[in-house]
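To start, the structure under review is shown below, and the notes come after it.
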Amino acid sequence: RNNVKVDSRYTPQLLLGHSASRFADSRVDDWGDFHTRLSWGVGTETRMDVTLVKGSPFIFAEYTGGNAEITLADLNSNATDDSNGSVWADRGNVLGVTISGIDTKKNYERHFGVFAPSDATWDGVGTSTLSSSLGSGDYLTIAPLPTASTSTLDLLEAYAYNIVRDTRVT
């Protein structure tokens, strides 16, 4: 699978993927003054586009020809067993997740909000791999959270569906 890591190299990580098998390539296919869109599967029927924006807590992912997949993993130990991740908020389309692990110095926990279209649901809750057909939409948004807090999840949900399409300085 091709994945986007949402964290640093040796801490617990959220891997954002596509249900299709491996893509032939990845590339930057759009950018602005403060954003970059990375694409996998350009020119094929299965595609994943991920937009990163400087200064934004959000990572925007858009899918064609398959489902969204998220893996909760402690990659330092190469472990993806179900004990690495937990879902502490499940609102159907919105999840609050925590990934636990150990790096060379101490135990870590990383918290994320996952925001999908209003009619989306997630399969695999309670395991290390989550998947969604994204309901009537084709996108999701991920945001790192400082704590496992429903109030922070609520705050970010209000803005999570505003996918950045362009950034310019004038």
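What to note about this one:
- Ordering 28-41, 51-64, 155-168 by mean Cβ neighbour count within 10 Å, with the highest value first, yields 51-64, 28-41, 155-168.
- Gap separating the Cα centres of the stretch 33-65 and the stretch 99-155, nearest whole Å: 18
- With all protein chains modelled, accessible area of Asp154 [1.4 Å, Å²]: 80
- Once backbone amide H atoms are built at 1.01 Å from N, Leu134 has Ala68, Thr121 as its partners under 5 Å, excluding neighbours fewer than 5 places away on the same chain.
- In this rough spin-label picture, where each label sits 7 Å from Cα along the Cβ direction, the Thr167-Ala89 distance is 2.4 nm.
- For trypsin sites (Lys or Arg not before Pro), the sites in the stretch 100-159 that DSSP calls loop and that have at most 14 other Cβ atoms within 10 Å are Lys105, Lys106.
- HN-Hα J in Hz across the stretch 34-43 - Karplus 6.51, -1.76, 1.60, θ = phi - 60°, x for Gly and Pro: 9, 9, 9, 10, 9, 10, 10, x, 4, x
The values are calculated or read from the model by the stated rules, or taken from the named source; none is laboratory data. Please read these numbers as outputs of a predicted model, since none were measured by experiment. Note that we place each Cβ from the backbone using ideal geometry, even for glycine, and neighbour counts take in every protein chain shown. To get the accessible areas, we keep the full protein, side chains included, count just its heavy atoms, and leave off ligands, DNA and RNA. Shrake-Rupley method; radii C 1.70, N 1.55, O 1.52, S 1.80 Å.
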